[in-house]
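Working notes for the structure below.
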Amino acid sequence: MTDLYAVVGNPIGHSKSPAIHRAFAEHTGQDLSYDATLFELDSFAEQASAFFDAGGKGLNVTVPFKLDAWQLAEVLSKRAQRAGSVNTLMQGKDDKIYGDNTDGVGLVRDILQNHEGKIAKKRVLVLGAGGAVRGVMAIILAEKPKSLMIANRTVSKAQTLADEFADLGKVSARGFEALAGQQFDLVINGTAASLHGDLPPLPDGILADGAWCYDMMYGAEETVFNTWACQQGAAKTMDGLGMLVEQAAESFFMWRHVRPDTAPVIAQLRAQLS
C-alpha cells in the first residue's frame, strides 16, 4: 500500500517539496505519495489530525504553521525543543505524533558537505532574529564556531535569542549599525529581505579575508544579499536551495530510514530555476 505524505502551508502552490520527495522516492525505490496541501489558517490542528487519522504517515510544515506543528506534536526531538518550531511531523508506531525541525541540519549539511566549508572556529554573523534563525541556531552552535553574533533591526529581539542560546556557545547580539569595525568569516542571511529584493543595512568592511556568505533564500537570479557579498569581496557565496533539499532529505530519512542522495536533486532544481 502506498504511504501518504504531504507538505502543508498557506500559501503552498510554490512549494518544491513534492518534486524533491518524489525524486527521493524514485531514487531510493520507496512506495509513497507526496502532495502539497493548502491548510486553512485557523484550523491547523484539526486538519493535521484528520490527515493522520486517514492513514497519512508524515507531514512537512511550512509558513505559517511551524509553531502550530510544535504545539500539536506529542513528542518533540531535542532540536525541535530548542528551535521552538516544527517542520516535520510523523505518526509513530505508538500512534503518537512526533515533531522534528530539520532546518538547521539542512543548512549545516549544505555548508559542510555540499560546499566543503567549515563553521568550527569561525567568527559567524547571523542576520535576523525570527523563526528561520531560531530554527538553525542550536545546530550552528553545535559546530563550535569561535563566536556567533546575531544582528537585527530590533536589537532586543536579537538579544533575547542570544540569551536563549548562550548555554551552547559564545553568542552576542547587535544592531546592524553596530557591526561597523568588526569582521566575520561566515555571514548567514536569515532575514526575509531577499524575498522582497531588499538588503539589511550592513556597513562596508565586515567580511574578513576569505569570508563566505550564505543566503537562506534562493531564486533564479542571484539574491541581493549575495550580490552585495560579491561586491564586498566574499570568497564564496551560497544560496538556500541546497538547504531546502538537505532539510527535506532529513525529513525523508526520519520517515523512511533511508538517506537519499541529494546532489542530483539539487542539480535538477538548479537547472529548472535557470
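The values are calculated or read from the model by the stated rules, or taken from the named source; none is laboratory data. All values derive from a computational prediction rather than experimental measurement. When we count neighbours, we look across all protein chains shown, and the Cβ atoms used for this are built from the backbone with ideal geometry, even at glycine.
If you go through segment 209-224 one residue at a time, how many are under 16 Å from L127 (Cβ atoms) and touching a residue at least 40 places away in the same chain (Cβ under 8 Å)? So the count comes out to 4. Figure legend. Inter-residue proximity from segment 17-32: first residues touching a residue at least 24 places away in the same chain (Cβ under 8 Å) and closer than 13 Å to Q268 by Cβ, second residues β-branched (V, I, T) and surrounded by fewer than 18 Cβ atoms within 10 Å (Cβ to Cβ), beta-carbon distance below 9 Å, spacing 6+ or different chains. Indicated pairs: F24/V258. Would segment 90-98 turn up any residue that is on the phi < 0 side of the Ramachandran plot and within 20 Å of the chain's Cα centre (by Cα)? Yes.
So that you can scan it fast, the table gives a plain yes or no per residue for (1) touching a Gly at 6+ places or on another chain (Cβ under 6 Å); (2) over 12 Å from G99 (Cβ atoms); (3) hydrophobic (A, V, I, L, M, F, W, C):
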site: S33; (1), (2), (3): no, yes, no
site: T37; (1), (2), (3): no, yes, no
site: Q47; (1), (2), (3): no, yes, no
site: L67; (1), (2), (3): no, no, yes
site: L72; (1), (2), (3): no, no, yes
site: V75; (1), (2), (3): no, no, yes
site: A80; (1), (2), (3): yes, no, yes
site: V86; (1), (2), (3): yes, no, yes
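For segment 177-199, which residues satisfy the criterion of being under 22 Å from the mean Cα position of the chain (by Cα) and closer than 27 Å to A120 by Cβ? Explain how you work it out, then say what you get.
Start the filter on segment 177-199 by keeping residues that are under 22 Å from the mean Cα position of the chain (by Cα), which leaves 184-199.
Those that are under 22 Å from the mean Cα position of the chain (by Cα) and closer than 27 Å to A120 by Cβ: F184, D185, L186, V187, I188, N189, G190, T191, S194.
Among the candidates A192, A271, single out the residue that is of a type in the set (G, A, S) and within 24 Å of R153 (Cα to Cα).
On the way: A271 fails: within 24 Å of R153 (Cα to Cα).
After applying the criteria, what remains is A192.
State whether the residues of segment 134-145 include one that is under 16 Å from T237 (Cα atoms) and out of contact with any Gly (no Cβ under 6 Å at 6 or more places or on another chain). Among the residues of segment 134-145, not one is under 16 Å from T237 (Cα atoms) and out of contact with any Gly (no Cβ under 6 Å at 6 or more places or on another chain), which makes the answer no.
For the condition in the same structural domain as T262 (by TED's automatic domain parsing) and not acidic (D, E), what is the one hit in A120, A83? Even if it seems obvious, please write down each step before you answer.
Details: A120 fails: in the same structural domain as T262 (by TED's automatic domain parsing).
Sole residue among the options that is in the same structural domain as T262 (by TED's automatic domain parsing) and not acidic (D, E): A83.
Could you grab me the full set of residues in segment 145-168 that are outside any helix (DSSP H, G or I) and either touching a Pro at 6+ places or on another chain (Cβ under 9 Å) or more than 24 Å from A229 (Cβ to Cβ) (or both)?
Restricting attention to segment 145-168, the residues satisfying the condition of being outside any helix (DSSP H, G or I) are 145-154.
Passing the criteria: A151, N152, R153.
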